[in-house]
Amino acid sequence: MSGVHCLQSFLTALSRRAPRMRYHLNEGQFDIPEDGRIDRSMNVLAMPDGSGTTLIVSRDALRTQETLAQFVTRQMNDLTRQVSQLKEVSRTDIAVGPAIASLHAIELVTQFKQNGQALHQRQAVFLLPQDPGGRSVLILTASSPVPFDAEAIALWRRVLESFQPRA
């Protein structure tokens, strides 16, 4: 299907009185047809010093009957095909958000080479509680060309502790 045809189909669906969802982003919000679309958007926050250190927020969804642990395993298998020298340093259950209302997450610590460059990553993968279907996954990723030192790990922990899902 061509890009023009896809856009026309999208606009036609939007003009109907079909159920819609309000899609929120940092800059605003808009309505889209509520037709089962999966949000796979990403936000990349890069350090201004050009160091290559980033904080990435990405979104996905569990497959039917898939658990969060199975999702993480599937994503790691996909990553194995995309990078070289992948090493999973640890996989741990953690809490994200303030202690009074924390969310269960799986934290991955990995290192690998991508396009010849060494990368070190820490990821927190968790389900968004506001999704009534319980399938929306949020992945927070800290990525750096150098190993995380104690200060970087402490900052990562503060980011995770400060997460508050939208109501």
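Conditions (1) more than 15 Å from the chain's Cα centre (by Cα); (2) modelled with pLDDT of 95 or more, marked per residue:
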| residue | (1), (2) |
| --- | --- |
| Arg74 | no, yes |
| Val83 | yes, yes |
| Leu86 | yes, yes |
| Val89 | yes, yes |
| Pro98 | yes, no |
| Ser102 | yes, no |
| Thr110 | yes, yes |
| Gln117 | yes, yes |
Next item on the list: List the strands (runs of 3 or more DSSP E) that sit entirely inside the range 48-167 and contain at least 2 residues that are more than 21 Å from Leu25 (Cβ to Cβ).
Entry: 84-96, 103-114, 117-127, 136-144
Check: Taking only pairs six or more apart or across chains, which ones have beta-carbon atoms under 9 Å, a first residue in the range 94-121 that is on the phi > 0 side of the Ramachandran plot and assigned by TED's automatic domain parsing to the domain that holds Ala142, and a second residue that is in a loop (DSSP other than H, G, I, E, B) and not β-branched (Val, Ile, Thr)?
Finding: Gly97/Phe163; Gly97/Gln164; Gly97/Pro165
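Mind listing just one residue for me: the one in the range 125-150 that is of a type in the set (D, E, K, R) and either outside the structural domain of Asp60 (by TED's automatic domain parsing) or free of Cβ contacts under 8 Å to residues at least 40 places away in the same chain (or both) and, of those, farthest from Ser58 (Cα to Cα)?
Of the range 125-150, the ones of a type in the set (D, E, K, R) are 131, 135, 149.
Now restrict to residues that are either outside the structural domain of Asp60 (by TED's automatic domain parsing) or free of Cβ contacts under 8 Å to residues at least 40 places away in the same chain (or both): 131, 149.
On the way: Asp131: 16, Asp149: 24 Å.
Across the range 125-150, the extreme among qualifying residues is Asp149.
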Note to self: Residues to consider are Ile106, Ile56, Ile100, Ile94; find the one that is loosely packed, with under 12 Cβ neighbours inside 10 Å and not aromatic (Phe, Trp, Tyr).
What the structure shows: Ile100
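The values are calculated or read from the model by the stated rules, or taken from the named source; none is laboratory data. Fair warning: this is a prediction, and the values are worked out from it, not measured in the lab. In this analysis, Cβ positions are derived from the backbone assuming ideal geometry, glycine residues included, and neighbour counts consider all displayed protein chains.
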